[in-house]
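FYI, it's all coordinate maths here, none of it is from the lab. This structure is a prediction, so every number in the text was calculated from the model and none was measured. Here the Cβ is made from the backbone with ideal geometry for all residues, glycine too, and neighbour counts use every protein chain on show.
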Ligand SMILES: CC(C)(COP(=O)(O)OP(=O)(O)OC[C@H]1O[C@@H](n2cnc3c(N)ncnc32)[C@H](O)[C@@H]1OP(=O)(O)O)[C@@H](O)C(=O)NCCC(=O)NCCS
């Protein structure tokens, strides 16, 4: 199955996309599949989250998606190395609010393309509007390991199995420069 999931190929979610079969599998501790089907379009239309999707080439079926929104982090929750002298009490950033790959395509590099695409968009937002960190709430051990692989640092246990993680913009820029 050929899938178009490249940095340039993500599309903004719209009514023509087919979300009915999307299933992220047993590790869906955050209910990402249900959120995509039931809330993603409304959230995007209301301007709360921007949702970008990847589809199977030539078809409307969505196989991966990412949701981005502005976010903030309290300075006190950061380790000292991430809050140099003069850091404000509330630090603006860009939140990866949702990110998932359909279970039929996991382990084939789609998640990689997706997280790098999200980082690319965060860096564009940073260029135009500032924001010091990319933020994600990693739900479950698998998600935490996935984001650690991309140099996110766990900062706070925010309840249940969810860990808030951050990636400073300069580290994000380095990640995208890698071949
Ligand atoms: C986590 C998830 C997005 C990963 O997507 P994927 O398509 O399976 O991942 P990929 O095949 O692209 O792997 C990307 C890279 O991350 C690594 N990786 C993937 N899962 C990993 C894990 N659990 N732990 C450590 N590394 C992991 C891979 O080795 C690969 O490394 P490389 O780029 O150096 O080759 C996907 O499994 C998923 O949607 N899970 C359910 C929802 C979820 O947990 N979302 C996370 C947001 S809370």
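Numbers below:
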read-out	value
Globularity index of the chain, i.e. its alpha-carbon radius of gyration over 2.2 N^0.38 Å	1.01
Contour minus Cα-Cα distance for residue 27 and residue 72 (0.36 nm per residue)	13.5 nm
Fully extended contour minus Cα-Cα distance, from residue 176 to residue 127, at 0.36 nm per residue	16.2 nm
Mean ellipticity per residue at 222 nm, deg cm²/dmol - from DSSP H runs of n ≥ 4 across the chain, formula -39500 (n - 2.57)	-8500 deg cm²/dmol
Two-site FRET efficiency, residue 34 against residue 148, from Cβ-Cβ distance with R₀ of 30 Å, rounded to 0.05	0.70
Those residues of the stretch 52-71 whose amide nitrogen sits under 12 Å from the label point placed on residue 16, 7 Å along Cα→Cβ	58-61
